[in-house]
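> Sending over a structure as structure tokens; questions will come in a sec.
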Amino acid sequence: MKGRVGILILVALALMNVLVHQVVCRWDMTDDKRYTISDPTKELLRTLDSPLTVMVLLEGELNAGFTRLQKAAGELLSEFSVYTAERIDSRSLDVSLVQGLDPIVIHERTHKGKMAQTTVYPYAIVEYKGKKRVVNLLQNQRGLSGEENLNNSIENLEYCMVEAIRGLVQTQVEKVVFLEGHGELGERDVYDLTQLLAQYYQVDRGCLGYEAGVLDSYAAVIIADPQLPFSEE
């Protein structure tokens with residue numbers, strides 16, 4: 001009997017070992033569930049009908065903060081893979097093969113008190129059906145400490161990755177339009193917003209005539225700080 005119990009225990013341990021390596025378990029103990037994948041993200045991942053490749057450039061001699069960011073990115077991609085019908089191929093990328101991406105130079109003291117300089121590429125390249133997008137993993141906001149920026153970056157990883165995936169999955173380009181003719185903000189005033197929208201939409205500008213129906217084909221109409229009244233028509 002003891003031998004049989006011992007065998008059962010060994011089998012149970014073996015099964016647990018397999019499950020631990022196949023199932024991603026991550027409990028979010030924060031009040032606002034900041035580390036829990038949202039339902040819209042899960043729905044988006046389930047729509048993927050081709051393999052998704054994510055190449056992370058965070059490699060090399062990283063300090064503790066960037067190591068946390070690297071680990072968080074890996075954990076997030078592991079969680080993503082739970083909800084995708086197709087596989088997510090996550091791997092590191094040789095920085096020497098990348099062009100056009102600016103590195104972050106970190107200056108910090110070593111344990112011997114000397115200043116050391118480290119070059120970090122805080123990026124990931126997401127590829128889907130032959131299209132690619134670069135994701136900046138570091139949310140570098142002025143006025144915040146390096147630790148605060150890294151914490152914010154970890155909290156925003158899901159948003160950054162999902163925005164890149166959504167842009168790659170999108171097949172139909174919706175249109176948005178900035179109205180003119182009533183003293184609205186000019187192109188230079190809304191340049192940053194226009195550039196952001198242009199990643200996902202066709203962005204137009206124009207004056208509204210007497211046919212309001214011309215706006216029917218637009219997903220959104222932006223009237224940016226008008227200074228003159230609209231006619232009743």
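The values are calculated or read from the model by the stated rules, or taken from the named source; none is laboratory data. Since this is a predicted model, take the numbers as computed values, not measurements. Reconstructed Cβ throughout: ideal geometry from the backbone, glycine too, with neighbour counts over all protein chains shown. Note: accessible area is taken over every heavy atom of the protein model, side chains too, but ligands, DNA and RNA are not part of it. Shrake-Rupley method; radii C 1.70, N 1.55, O 1.52, S 1.80 Å.
> Probe 1.4 Å, all protein chains in place: accessible area of Asp192 in Å², nearest 10?
Rounded to the nearest 10, that gives 120 Å².
> Cβ under 12 Å from Tyr210's Cβ, Tyr210 left aside: what net charge do those residues give with Lys, Arg +1 and Asp, Glu -1? Working shown, then result.
Details: positive: none; negative: Glu211, Glu232, Glu233.
So the environment of Tyr210 carries a net charge of -3.
> Follow-up question, since we're still on this one. Counting alpha carbon pairs within less than 8 Å and at least 6 residues apart, what relative contact order, in whole percent, applies to the stretch 125-168? It would help to have the intermediate numbers written out before the result.
Values: 37 pairs, mean separation 19.5, N = 44.
Rounded, it is 44 percent for the stretch 125-168.
> Mind listing the long-range amide H neighbours of Leu48? Cut-off is under 5 Å, sequence gap 5 or more, other chains count too, H placed in the peptide plane at 1.01 Å from N.
Close amide H contacts, sequence-distant or interchain: Ala85.
> Decide, for the stretch 57-181, between rounded, prolate and oblate: order the square roots of the alpha carbon gyration tensor eigenvalues as a ≥ b ≥ c, take rounded if a/c falls under 1.5, and otherwise choose prolate if a/b is larger than b/c, else oblate. Mind showing how you got there, number by number?
Numbers: a/c = 2.05, a/b = 1.51, b/c = 1.36.
Note, shape of the stretch 57-181 comes out prolate.
> Just want to confirm a number: the relative contact order over the stretch 38-106, from Cα pairs under 8 angstrom separated by 6+ residues, in percent.
Working: 56 pairs, mean separation 32.8, N = 69.
Computed over the stretch 38-106, the figure is 47 percent.
> Hey, if we sort Val176, Val203 by accessible area with the 1.4 Å probe, largest down, what's the order? The partial results should precede the final answer.
Values: Val176 5, Val203 40 Å².
So the residues, ranked largest to smallest area, are Val203, Val176.
> Another question about this same structure. Would you please give the residues with an amide H less than 5 Å from that of Phe178, counting only those at least 5 places away or on a separate chain, with H modeled from the backbone geometry?
Asp204, Arg205, Gly206, Ile222
> In what order, largest first, do Leu196, Leu62, Leu208 sit by accessible area if the probe radius is 1.4 Å? Don't skip to the answer; put the middle values down first.
Details: Leu196 95, Leu62 35, Leu208 55 Å².
So the residues, ranked largest to smallest area, are Leu196, Leu208, Leu62.
> Can you tally the net charge around Tyr121? Count Lys and Arg as +1, Asp and Glu as -1, for every other residue whose Cβ sits under 12 Å from the Cβ of Tyr121. Could you put the intermediate results ahead of the total?
Values: positive: none; negative: Glu59, Asp94, Asp102.
Within the 12 Å Cβ shell, the charges total -3.
> Right, next: What does the accessible area of Thr171 come to, in Å² to the nearest 10, when a probe of 1.4 Å is used?
Here the residue's solvent-accessible area equals roughly 130 Å².
> Another question about this same structure. How much accessible area per residue does the stretch 96-170 have, in Å², with a 1.4 Å probe?
Working: 4660 Å² over 75 residues.
Accessible area per residue, the stretch 96-170: 62 Å².
> Here's another thing I want to ask about it. Under 5 Å between amide H atoms, partner at least 5 residues away or on a different chain: which partners does Asp89 have, H built in plane at 1.01 Å?
When sequence neighbours closer than 5 places are left aside, the close amide H contacts are Leu52, Thr53, Val54.
> Further question on the same structure: How much net charge surrounds Asp189 when only the other residues with a Cβ under 14 Å from the Cβ of Asp189 are counted, with Lys and Arg +1 and Asp and Glu -1? Before the final figure, lay out the partial values.
On the way: positive: Arg188, Arg205; negative: Glu180, Glu184, Glu187, Asp192, Asp225.
Local charge sum for Asp189: -3.
> Take the alpha carbon gyration tensor of the stretch 31-110, find the square roots of its eigenvalues, order them as a ≥ b ≥ c, and report rounded if a/c is under 1.5; if not, report prolate when a/b exceeds b/c, else oblate. Before the final figure, lay out the partial values.
Numbers: a/c = 2.85, a/b = 1.52, b/c = 1.88.
Oblate shape, in that a/c is at least 1.5 and b/c is the bigger or equal ratio.
> With a ≥ b ≥ c the root eigenvalues of the C-alpha gyration tensor of the stretch 165-233, is it rounded (a/c under 1.5), prolate (a/b larger than b/c) or oblate? Could the numbers behind the result be given before it?
Numbers: a/c = 3.56, a/b = 1.56, b/c = 2.28.
Oblate.
> What figure in square angstrom, to the nearest 10, would you give for the accessible area of Arg133 with a 1.4 Å probe?
Surface open to solvent at Arg133 totals about 50 Å².
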